[in-house]
Amino acid sequence: MANNEEVFKKIISHAKEYGFIFPSSEIYDGLAAVYDYGQLGVELKNNIKQYWWKSMVQYHENIVGIDSAIFMHPKIWKASGHVDAFNDPLIDNKDSKKRYRADVLIEDHIAKTEDKIRKEVEKAAKRFENFDEAMFRSTNARVLENQAKIDDITKRYSEAMNANDLEAVRQLILDLGIVCPISGTRNWTEVRQFNLMFATQMGSVAEGSDTIYLRPETAQGIFVNFLNVQKSGRMKIPFGIAQIGKAFRNEIVARQFIFRMREFEQMEMQFFVRPGEELKWFEYWKDTRRKWHLSLGIPEKKYRFHDHEKLAHYANAATDIEFEFPFGFKELEGIHSRTNFDLSRHSEFSGKKLQYFDPELNESYTPYVIETSIGLDRTFLAIFSYAYHEETLEDGSSRVVMKIPAILAPYKAAVLPLVKKDGLPEKAQEIVDMLKFDYMVQYDEKDAIGRRYRRQDAIGTPFCITVDNQTLADGTVTVRERDTMQQERILADNLNAYLHGKIQPLKVE
Ligand code: GAP
């Protein structure tokens, strides 16, 4: 059985081989942590966007969307806190000259120790079949000892981070004996704060240029348009504004493929509510977002909530939805109760009153905000890595099948004439023409039918429609379902309704 790291490598190479994701600027040896989506990748990505947009904007009468510019007034990032505090602590190894995030070095160390405990417990559980009290006691002692170590490290770590005490963070790295994976040494520099925003100049040098930033999140474009949308759309609280768009972060440690990129996309929604009602809405959005994920048919055990114990100064509740990627459970989406921090700060910095007059209460107030923020690329990776399956079939042959939820699959169907003669290609083309206004369909006549099925399995096409001589006689085709490989015969005229019935999200209670 291949380990997770090997599987992850296979997933990355599959993404490239079949035109889902390419490294950016590859012919120039690539650009670190930047990726391009290929012909199939863009379809999957667009489908994810549409699925999210529909669930947010179309299905909620009190949520509207916007598309704000990437460049924004530089004061916005001062008001939001990004200029002063959007930092990662970095540390260099003097021997390898490699740069790391100090917090990630410590978190990885904690994760490894936790993993050690988990393995120890699993081993012990297996041995319980031949129960041995001495072994149980020694295992138990080791587990308790390691757990105490973790608790101690976690306490020191959060105290150091909370106090922004970079020397204490460095000392912890030294005390834990963390070595550079490249040089193997503990020859570390000081820890420094590094701002993650990309800066550029606007205006020509002669006229005097201003430093502006590539937005590190789409949320601020929503906050600064709060009044525009509320007034022009006559929106009544509670209401939401949604946006999908690019964000940019100069990540120090960009790794794990499209999990942590320097240019990525977010799907964010800010929901404006009455002060005092925010925690009720926080629970509502936690539940609504959980159902959205589960409606894709990915099992619930692949997700978990991670409530934040340490809250950002502006938040009064926050949770992450984590997904089990091939490299473990990691953040996929954040749900935050951001109080009235952002609107108040923009009021203060812009001098414009960003308030809402509530006709029911007959008073004005600065609304509180619940944010749902999910990375589009991370959602892609979650779905893509979950979908990847290697299967051995009954006849001993094998296939790679991408079990992408049908509603998100790049192509919904492939139309395949059994042979390249007897009028079958023409009939197949007719079917393509009939379906292509509603669905992305692909025509393929090259190679034996079995090989064509394999190609469609590998790109996640949920249905293969085969046209044979019987089609010409009675107008029926065979439809092969990707995951079960079962086939049924239906009337070609019913294909549209058939696909419509099959390509639906799961209903989740
Ligand atoms: N407005 C809130 C916000 O931006 P965040 O937790 O920093 O919160 C939200 O980001 C989501 O954006 C994350 O849960 C993740 O899915 C995605 N994301 C953040 N940084 C990313 C990166 N460097 N590459 C890919 N996705 C990223």
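Checking LYS421, LYS507 one by one, the residue that is touching a residue at least 12 places away in the same chain (Cβ under 8 Å), outside any strand (DSSP E or B), charged (D, E, K, R) and open to solvent by 70 Å² or more (accessible area, probe 1.4 Å) is LYS507 and no other. Residues considered: GLU217, GLU251. Of these, the only one that is within 16 Å of the ligand (Cβ to nearest atom), within 26 Å of PHE341 (Cβ to Cβ), in a loop (DSSP other than H, G, I, E, B) and at pLDDT 95 or above is GLU217. Could you tell me which residue of segment 190-214 is modelled with the lowest pLDDT, considering only residues that are among the hydroxyl-bearing types (Ser, Thr, Tyr) and part of a strand (DSSP E or B)? The residue in question is THR211. One residue alone among TYR388, TYR368, TYR443 is within 28 Å of the chain's Cα centre (by Cα) and either over 30 Å from VAL273 (Cα atoms) or open to solvent by less than 20 Å² (accessible area, probe 1.4 Å) (or both), and that residue is TYR388.
For segment 254-285, taking the residues that are under 19 Å from SER337 (Cβ atoms) and within 9 Å of the ligand (Cβ to nearest atom), the one that is surrounded by the most Cβ atoms within 10 Å (Cβ to Cβ) is identified as GLN270.
Exactly one residue out of ALA318, ALA409, ALA387 is free of Cβ contacts under 8 Å to residues at least 60 places away in the same chain, among the small types (Gly, Ala, Ser) and out of contact with any helix residue (DSSP H, G or I) (no Cβ under 7 Å at 6 or more places or on another chain): that is ALA318. Taken over segment 371-380, the criterion of being surrounded by fewer than 22 Cβ atoms within 10 Å (Cβ to Cβ) and of a type in the set (Gly, Ala, Ser) is satisfied by SER373 alone. Just name the residue that is nearest to the chain's Cα centre (by Cα) out of those in segment 222-238 that are closer than 22 Å to LYS49 by Cα and surrounded by fewer than 21 Cβ atoms within 10 Å (Cβ to Cβ). Once the filter is applied, the top-ranked residue is ASN225. The number of residues in segment 293-313 being crowded, with 18+ Cβ neighbours inside 10 Å and either within 14 Å of the ligand (Cβ to nearest atom) or of a type in the set (Lys, Arg) (or both) comes to 2.
Which one of GLN442, GLN429, GLN470 is at pLDDT 95 or above and either touching a Lys or Arg at 6+ places or on another chain (Cβ under 9 Å) or in a loop (DSSP other than H, G, I, E, B) (or both)? Selected residue: GLN470, the only one of GLN442, GLN429, GLN470 that is at pLDDT 95 or above and either touching a Lys or Arg at 6+ places or on another chain (Cβ under 9 Å) or in a loop (DSSP other than H, G, I, E, B) (or both).
Looking at LYS54, LYS119, LYS78, which one is of a type in the set (D, E, K, R) and modelled with pLDDT under 95? If you could, list the steps in order and put the result at the bottom.
On the way: LYS54 fails: modelled with pLDDT under 95; LYS78 fails: modelled with pLDDT under 95.
One residue alone meets the criteria, LYS119.
With respect to SER183, determine if the residue is within 29 Å of the chain's Cα centre (by Cα) and either in a helix (DSSP H, G or I) or surrounded by fewer than 15 Cβ atoms within 10 Å (Cβ to Cβ) (or both).
It is false that SER183 is within 29 Å of the chain's Cα centre (by Cα) and either in a helix (DSSP H, G or I) or surrounded by fewer than 15 Cβ atoms within 10 Å (Cβ to Cβ) (or both).
Out of SER158, SER138, which single residue is in contact (Cβ under 8 Å) with a residue 24 or more places away in the chain, outside any loop (DSSP other than H, G, I, E, B) and exposed (fewer than 13 other Cβ atoms within 10 Å of the Cβ)? The match here is SER158.
Residues in segment 256-285 that are hydrophobic (A, V, I, L, M, F, W, C) and within 17 Å of GLU333 (Cα to Cα): ILE258, PHE259, MET261, PHE264, MET267, MET269, PHE271, TRP281, PHE282, TRP285. Among the criteria (1) touching an Asp or Glu at 6+ places or on another chain (Cβ under 9 Å); (2) in a strand (DSSP E or B), the one PHE272 does not fulfil is (1). Restricting SER25, SER13 to those that are surrounded by fewer than 19 Cβ atoms within 10 Å (Cβ to Cβ), hydroxyl-bearing (Ser, Thr, Tyr) and on the phi < 0 side of the Ramachandran plot reduces the list to SER13. Filtering segment 457-473 to residues that are of a type in the set (A, V, I, L, M) and either under 19 Å from GLU390 (Cα atoms) or open to solvent by 10 Å² or more (accessible area, probe 1.4 Å) (or both) leaves ALA458, ILE459, LEU472, ALA473.
Residue count for segment 323-333, restricted to those that are surrounded by fewer than 18 Cβ atoms within 10 Å (Cβ to Cβ) and within 11 Å of the ligand (Cβ to nearest atom): 2.
Being outside any strand (DSSP E or B) and either within 16 Å of the ligand (Cβ to nearest atom) or farther than 25 Å from ILE106 by Cα (or both): is that true of ILE237 here?
Judged against the criteria, ILE237 is a match.
The number of residues in segment 351-391 being acidic (Asp, Glu) and within 16 Å of the ligand (Cβ to nearest atom) comes to 2.
The values are calculated or read from the model by the stated rules, or taken from the named source; none is laboratory data. This one's a predicted model, so the numbers in the text were calculated from it and none came from an experiment. Cβ: placed from backbone, ideal geometry, glycine included. Neighbour counts: every protein chain shown. Accessible surface is based on the protein model in full, side chains and every heavy atom, while ligands, DNA and RNA are left aside. Shrake-Rupley method; radii C 1.70, N 1.55, O 1.52, S 1.80 Å.
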